[in-house]
């Protein structure tokens, strides 16, 4: 049984003080109580500058929310200005690392080879990568969805020996930041393809891998997305910035 994972991706939003305020708001809501009862897993992938503040405040409150980073570098240390290492993230008990988000693939030209190296650094440090894949609208309209996902997955998973825990997030590029989420049918089609591709690669292990949907997730559409057989949660962007909205998303998953 795959436990639902709802991961907030704050992107380049929230100062450390704002992150603490968000966590205090969220801690008093029903979603935190649901997470305490182990009904759903909740994680927040925050900016690096907010991770330490969240780590400390989470300990003070006794919150069960997991912490995630939005990026990682594959080297342990060295002259890599602006990058962050696995050891730096481990210091804050970081559990998840987003690797290969479409915004980084498109804006910063990250290749799937780079994504695989980053994932390798995460798993070697005991963290779980959330590996993002997804297509542009032209790929979808051209009928190349499966081929695109297969290429991205195989290249991004070159580090993987079918043993380490991974999470895959399907994020249609055309739905990110546009308030135009994929339909239930769109999400199931793509996540079903991903499950098939993983099964071809790793056999029955694919049935244990959680596949998230990301892109325009809201309190209004999350229930429809989660009824899909191959959607095991969501990577939530804009709606996660408001604690009350994210609470509604988590509670919809519980219900």
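From the list 190, 182, which residue is in contact (Cβ under 8 Å) with a residue 12 or more places away in the chain, part of a loop (DSSP other than H, G, I, E, B), within 21 Å of residue 103 (Cβ to Cβ) and under 17 Å from the mean Cα position of the chain (by Cα)?
On inspection, the qualifying residue turns out to be 182.
Of all residues assigned to the stretch 89-97, at least one qualifies as being at pLDDT 95 or above, in a helix (DSSP H, G or I) and farther than 18 Å from residue 191 by Cβ.
Pick from 110, 83, 103: which is part of a helix (DSSP H, G or I) and surrounded by fewer than 21 Cβ atoms within 10 Å (Cβ to Cβ)?
Values: 110 fails: part of a helix (DSSP H, G or I); 83 fails: part of a helix (DSSP H, G or I).
Matching residue, one of 110, 83, 103: 103.
Conditions tested, residue by residue: (1) part of a strand (DSSP E or B); (2) surrounded by fewer than 24 Cβ atoms within 10 Å (Cβ to Cβ); (3) touching a helix residue (DSSP H, G or I) at 6+ places or on another chain (Cβ under 8 Å).
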| position | (1), (2), (3) |
| --- | --- |
| 206 | no, yes, yes |
| 218 | no, yes, yes |
| 228 | no, yes, yes |
| 234 | yes, no, yes |
| 240 | no, no, yes |
| 251 | no, yes, yes |
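Restricting the stretch 126-143 to residues that are in a loop (DSSP other than H, G, I, E, B) and over 18 Å from the mean Cα position of the chain (by Cα), which is nearest to residue 106 (Cα to Cα)? Give the derivation first.
Residues of the stretch 126-143 in a loop (DSSP other than H, G, I, E, B): 126-127, 134-136, 142-143.
From what is left, the residues that are over 18 Å from the mean Cα position of the chain (by Cα) are 136, 142-143.
Numbers: 136: 10, 142: 19, 143: 21 Å.
The extreme case among them is 136.
Can you find even one residue in the stretch 144-151 that is in a loop (DSSP other than H, G, I, E, B), surrounded by fewer than 17 Cβ atoms within 10 Å (Cβ to Cβ) and free of Cβ contacts under 8 Å to residues at least 24 places away in the same chain? Looking through the stretch 144-151, at least one residue is in a loop (DSSP other than H, G, I, E, B), surrounded by fewer than 17 Cβ atoms within 10 Å (Cβ to Cβ) and free of Cβ contacts under 8 Å to residues at least 24 places away in the same chain. If we scan the stretch 151-171, do we find a residue that is over 19 Å from residue 201 (Cβ atoms) and out of contact with any helix residue (DSSP H, G or I) (no Cβ under 7 Å at 6 or more places or on another chain)? No, the conditions are met nowhere in the stretch 151-171.
Step by step: first the residues of the stretch 113-128, then only those that are touching a residue at least 40 places away in the same chain (Cβ under 8 Å) and in contact with a strand residue (DSSP E or B) (Cβ under 7 Å, 6 or more places away or on another chain), then the one that is surrounded by the fewest Cβ atoms within 10 Å (Cβ to Cβ). Which residue is that? Top of the filtered list is 123.
Among all residue pairs at least 6 apart or on different chains, which show Cβ distances below 6 Å where the first residue, located in the stretch 84-96, is in contact (Cβ under 8 Å) with a residue 60 or more places away in the chain and the second is assigned to a loop (DSSP other than H, G, I, E, B) and surrounded by fewer than 19 Cβ atoms within 10 Å (Cβ to Cβ)? Qualifying pairs under 6 Å: none. For the stretch 37-57, filtered to residues that are in contact with a helix residue (DSSP H, G or I) (Cβ under 7 Å, 6 or more places away or on another chain) and part of a helix (DSSP H, G or I), the residue that is surrounded by the fewest Cβ atoms within 10 Å (Cβ to Cβ) is 49. Evaluation of residue 223 against the conditions (1) closer than 30 Å to residue 19 by Cβ; (2) within 16 Å of the chain's Cα centre (by Cα); (3) at pLDDT 95 or above shows that the sole unmet condition is (2). For the stretch 153-167, residues that are part of a helix (DSSP H, G or I) and either over 16 Å from the mean Cα position of the chain (by Cα) or over 24 Å from residue 2 (Cβ atoms) (or both) total 2.
What are the residues in the stretch 22-36 that are modelled with pLDDT under 80 and either exposed (fewer than 14 other Cβ atoms within 10 Å of the Cβ) or not in a helix (DSSP H, G or I) (or both), if any? Lay out the reasoning, then the answer.
The initial filter retains those residues of the stretch 22-36 that are modelled with pLDDT under 80, namely 30-36.
Passing the criteria: 30, 36.
Residue 72 meets the conditions (1) assigned to a loop (DSSP other than H, G, I, E, B); (2) more than 21 Å from residue 14 (Cβ to Cβ) in every case but one. The failed one is (2).
The values are calculated or read from the model by the stated rules, or taken from the named source; none is laboratory data. The structure presented is a predicted model; accordingly, all values stated were derived computationally and were not measured. Neighbour counts run over all protein chains shown; Cβ positions are idealised from the backbone, glycine included.
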